[in-house]
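Taking it in order: structure first as structure tokens, then the write-up.
The values are calculated or read from the model by the stated rules, or taken from the named source; none is laboratory data. A quick note: this is a predicted structure, and the numbers were derived from the prediction, not measured. Note: ideal-geometry Cβ built from the backbone for every residue, glycine included; neighbour counts use all protein chains shown. These area figures cover heavy atoms from the full protein model, side chains too; ligands, DNA and RNA do not enter into them. Shrake-Rupley method; radii C 1.70, N 1.55, O 1.52, S 1.80 Å.
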Amino acid sequence: MGSTAWFLAQQEILRTKPLTHRTYEIWYREQLKDLAQVPPGGGVIEIGSGAGFLKELLPEVVTSDLEPGISDRVVDAQSLPFPDHSLRGILLSHVFHHIPDVRKFLSEATRTLVPGGIVSMIEVAHTPLAKLIFGKLHPEPYLPNVAEWALPEGKSSYDSNQALSWIVFVRDRARFESEFPELQIERISPLPWFAYLLSGGVIQRSLVPKLLVPTVGMLDRFGKPFSPWLGLHWVVTLRKKQPGH
Ligand SMILES: C[S@@+](CC[C@H](N)C(=O)[O-])C[C@H]1O[C@@H](n2cnc3c(N)ncnc32)[C@H](O)[C@@H]1O
């Protein structure tokens, strides 16, 4: 991850795999729903945009990445180059679990968000199927049993722990709430999983011929009740509390 070749390959996948493209669009629309709840005033930044296409749906967003040349700005999630109380939304898709020290990111989010502003992130879920797929079949690690939130010393953003959102916001929720009392966990909602599974995501070949894409997309609806066991991703929304709450 991080090389120009990696970025171009991801861009090509999102352009040529309609089911993966569709899934991303569903994820982005969840983030837009979160943003719609925030009163106007303040900027919106996407962190770790990579080859994503959020800007097509939200032209006002400032896209950013650690890597130069692939988005509007170069930004490290651990040190946000924005004034206090200047952002209404911070959006991330598959980035939180790459941040070497998420405490630094969460402190920076607290500092830069306006009261009522949100962090909305698409992340890997923690269901039996997610554990199987991301723990056994995916090249990045999924380590739900590590005690620490930060990646071990010497690990860079291109390493990861895909179980991190579960660790911080579910397993260690009480610790999160005591360390970041200004950030409220507003929702952890499962996302459609069936079409993504068949799409092969951004790694595997799609298992679905283009012709069947609309049909498979429709089947997402029937997969919803099985999300607690088979869901692969969720959207985690944090809201900065209003003063006095
Ligand atoms: C798995 S990719 C996700 C890309 C895109 N958001 C998507 O959903 O396809 C993770 C991205 O986060 C970026 N990244 C990793 N660590 C970061 C950090 N500390 N700050 C900002 N971006 C980071 C990487 O350069 C990469 O583009």
Phi-based couplings in Hz for the range 120-127 (Karplus 6.51, -1.76, 1.60; Gly and Pro marked x)
10, 10, 8, 9, 6, 7, 9, 10
Sequence-distant or interchain residues sharing an amide H contact under 5 Å with Gly2, placed H: which?
Phe7
Once the piece of chain linking Gln11 and Leu212 is laid out straight, how much longer is it, given 0.36 nm per residue of separation minus the C-alpha distance between them?
70.1 nm
Find how many whole Å separate the alpha carbon centroid of the range 121-197 from the alpha carbon centroid of the range 1-66.
19 Å
Nearest-5 percent of antiparallel DSSP beta bridges in the chain?
50 percent
Stretchable slack from Ser86 to Lys55, in nm (0.36 nm times residue separation minus alpha-carbon distance):
9.2 nm
Could you state the accessible area per residue of the chain in Å², with a 1.4 Å probe and every protein chain left in place?
47 Å²
Evaluate Rg over Rh across the chain, taking Cα atoms for both radii and Kirkwood's formula for Rh.
0.94
Pair Thr4, Leu219: separation of 7 Å Cα→Cβ label points (nm):
4.0 nm
For the range 175-191, what does the Karplus curve 6.51 cos²θ - 1.76 cosθ + 1.60, with θ = phi - 60°, yield as ³J(HN,Hα) per residue in whole Hz, taken in order and with x for Gly and Pro?
5, 4, 5, 7, 7, 10, x, 7, 9, 9, 6, 8, 7, 10, 10, x, 10
Treating cross-link reach as a plain straight distance, find the aspartates and glutamates whose alpha-carbon is under 16 Å from the alpha-carbon of Lys240, omitting any fewer than eight places away in the same chain.
Asp34, Asp84, Glu108, Glu177, Glu179, Glu182, Glu186
Largest fluctuation, Ile185, Ile90, Ile47 only, Gaussian network model of the chain with Cα springs under 10 angstrom, belongs to Ile185
Which whole-Hz ³J(HN,Hα) couplings does the range 139-145 yield from phi under the Karplus relation 6.51 cos²θ - 1.76 cosθ + 1.60, θ = phi - 60°, glycine and proline marked x?
x, 8, x, 10, 10, x, 9
With a 1.4 Å probe and every protein chain kept in, tell me what percent of the accessible surface of the range 1-93 is carbon plus sulfur.
55 percent
Cα long-axis angle, helix 213-223 against the chain (0 to 90 degrees, to the nearest 10):
60 degrees
Under a plain spin-label model, where a point goes 7 Å from the Cα along Cα-to-Cβ, how far apart in nm are Glu25 and Ser178?
4.6 nm
Under the Kirkwood approximation for Rh and a Cα-based Rg, what ratio Rg/Rh is obtained for the range 12-87?
0.99
Percent of alpha-carbon pairs separated by more than 19 Å within the range 107-161:
48 percent
